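The values are calculated or read from the model by the stated rules, or taken from the named source; none is laboratory data. All of these numbers come straight from a predicted model, not from anything done at the bench. All Cβ positions, even for glycine, are placed from backbone atoms using ideal geometry, and neighbour counts span all protein chains on display.
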Amino acid sequence: MRETVKLGVRLMLFALVAGLLLAVVNAVTEEPIALNERLKADGARIAVIGDYAFEPVETDTGGYDAIQSVYAALDESGQTVGYVYELVSRGYGGDIVLSVGVRNGAVSGVSVASHAETKGLGTADEAPFLQSFNGLSQPDEAQGVDAMSGATVSSDAVRGAVAQALAHARDVLGAGEVE
Amino acid sequence: MDFKALRKTFLNGIFNENPTFRLVLGMCPTLAITYQASNGIGMGLATTFVLVFSNLVISLLRNLIPEKIRIPAFIVIIATFVTVVEMVMHAFLPALYDTLGVFISLIVVNCIIFARAEAFAFKNPPLLSAADGLGMGLGFTLAITLLSCIRELLGSGTIFGTRFMPEWFEPMAIAVQPAGGFILLGLTLAAVTGIAARSQKRKEAAK
């Protein structure tokens, strides 16, 4: 019995020292880990609108079939500065998943998260196409963006999704009236 | 204890008793993560860190750890260092952390580390134990980096993400899958054993 207690105390001491050491390491790494996790979760959203906090918005998306979810971008004082739409649109080879940032009623950025198109929609070659939406505020304008040559169906899918995001922001969220 | 003994212990882990190719220990991470070269070197260095420090600490405490509770004591020490590696990697190398995933935590049950604690560090002085940990760790790193280079080259045509194979090369998907890992591990093991046996024979003939 006595020996068991002795061994237990010894092991407890080892565990205590180990715990202290881990507490120190945790104190150092806690902040960078939190930042990494946030970048991972919000990376696509940050890419299309900027470094803000994001919060899901409960909203009616009836009639906007591409919209999966809507996030409000909040600045430090909790003011809504814009919205990020996560959309799924049917492309040539499968679903195109993309994020669209809308700020003051105009597109602030478009980024493709995943797709099954023939090649590289959303990669470096297609960046000019995605960038050409920036600043547009009318759904019709988004529909009128020049398509990527040889990828008309894919381009249509993206244009349709961006147009839906803009229409929803204007008509349902009333984001166009900011400013 | 002299420099010669340290060097001998260190080199022992890399060649004569290479944990992967000679002792055939730590097969789980070897097969699971060696589908790309960066994984191999990341996993190898993380394991090396844990090996060096667990060997050092266990050796320092070898007179304080009672024989009866040595196993739980080893686990506490090893798990502590693994957790340190995991937190540091999560904080500063998030991409590697994401690809290695659960296999970082599983370094705790890597039998190389446990075997060295039990067979070496518990019976030898600290400096020698640290040298053993470093040798074994780098031996493991070299072995799995070699294997992961072969698998990445055959499976994706690249090494460390740089393309090495000519245009016409069609990547063999099986090389990056677990089954291909087994096959290539077996072939590499055979090649290393063959080379070692041949050099052994030559040495004997020279005598």
Open item on the list: Taking the conditions exactly as written (exposed (fewer than 11 other Cβ atoms within 10 Å of the Cβ), part of a helix (DSSP H, G or I) and out of contact with any Cys (no Cβ under 9 Å at 6 or more places or on another chain)), does B:A175 satisfy them or not?
Closed with: no
Open item on the list: If I go through segment B:8-57 residue by residue, how many of them are among the basic types (K, R) and free of Cβ contacts under 8 Å to residues at least 12 places away in the same chain?
Closed with: 1
Open item on the list: Looking at B:F164, B:F182 in this structure, which one is in contact with a helix residue (DSSP H, G or I) (Cβ under 8 Å, 6 or more places away or on another chain), under 25 Å from B:I14 (Cβ atoms) and either surrounded by 11 or more Cβ atoms within 10 Å (Cβ to Cβ) or at pLDDT 85 or above (or both)?
Closed with: B:F182
- [ ] Name the residue, out of A:V112, A:V81, A:V88, that is modelled with pLDDT of 85 or more and closer than 13 Å to A:A161 by Cβ.
- [x] A:V88
- [ ] Please specify each residue of segment B:121-173 satisfying the condition of being of a type in the set (D, E), within 22 Å of the chain's Cα centre (by Cα) and over 21 Å from B:G186 (Cα atoms).
- [x] B:D132
- [ ] Given the conditions (1) part of a strand (DSSP E or B); (2) closer than 19 Å to A:G174 by Cβ; (3) of a type outside the set (F, W, Y), report the number of the one that A:L87 does not fulfil.
- [x] (2)
TODO: Identify, by number, the condition in (1) away from every other protein chain (no Cβ under 14 Å); (2) out of contact with any Phe, Trp or Tyr (no Cβ under 9 Å at 6 or more places or on another chain); (3) surrounded by fewer than 18 Cβ atoms within 10 Å (Cβ to Cβ) that A:D75 doesn't meet.
DONE: (2)
Open item on the list: So, in segment B:12-24, exactly how many residues are part of a loop (DSSP other than H, G, I, E, B) and buried (at least 20 other Cβ atoms within 10 Å of the Cβ)?
Closed with: 4
- [ ] Check B:W168 against each of (1) in a helix (DSSP H, G or I); (2) more than 21 Å from B:G40 (Cβ to Cβ); (3) of a type in the set (A, V, I, L, M, F, W, C) and name the one condition it does not meet.
- [x] (1)
Open item on the list: Pull out all pairs, ordered by first then second residue, where Cβ-Cβ is under 9 Å, the residues are six or more apart or on different chains, the first lies in segment A:3-27 and is within 17 Å of B:A79 (Cβ to Cβ) and more than 7 Å from chain B (Cβ to nearest Cβ), and the second is part of a helix (DSSP H, G or I) and hydroxyl-bearing (S, T, Y).
Closed with: A:V17/B:T80; A:G19/B:T80
Open item on the list: Just to be sure I understand, how many residues within segment B:90-99 are at the interface with chain A (Cβ under 9 Å from one of its Cβ atoms) and under 18 Å from the mean Cα position of the chain (by Cα)?
Closed with: 1
TODO: Could you tell me which residue of segment B:185-207 is nearest to B:T20 (Cα to Cα), considering only residues that are among the basic types (K, R) and at pLDDT 90 or above?
DONE: B:R198
Open item on the list: When you scan segment B:68-81, do you find a residue that is over 16 Å from A:L13 (Cα atoms) and among the hydroxyl-bearing types (S, T, Y), even just one?
Closed with: no
Task: Selection within segment B:44-74 - surrounded by fewer than 19 Cβ atoms within 10 Å (Cβ to Cβ), facing another protein chain (nearest Cβ under 10 Å), part of a helix (DSSP H, G or I) and of a type in the set (A, V, I, L, M, F, W, C) - done: B:I69
Task: Residue that is farthest from the chain's Cα centre (by Cα), among those in segment A:39-57 that are within 20 Å of B:P94 (Cα to Cα) and more than 9 Å from every other protein chain (Cβ to nearest Cβ) - done: A:D51
Open item on the list: Residue under question is B:M87, and the condition is that it be more than 14 Å from chain A (Cβ to nearest Cβ), assigned to a helix (DSSP H, G or I), of a type in the set (A, V, I, L, M, F, W, C) and closer than 28 Å to A:N36 by Cα; does it hold?
Closed with: no
Open item on the list: Is it the case, given these coordinates, that A:N36 is within 14 Å of chain B (Cβ to nearest Cβ), among the polar types (S, T, N, Q) and either in contact with a helix residue (DSSP H, G or I) (Cβ under 8 Å, 6 or more places away or on another chain) or under 28 Å from A:L136 (Cβ atoms) (or both)?
Closed with: yes
Open item on the list: When you check B:F120 against the structure, is it touching a helix residue (DSSP H, G or I) at 6+ places or on another chain (Cβ under 9 Å), away from chain A (no Cβ under 14 Å), in a helix (DSSP H, G or I) and crowded, with 18+ Cβ neighbours inside 10 Å, yes or no?
Closed with: yes
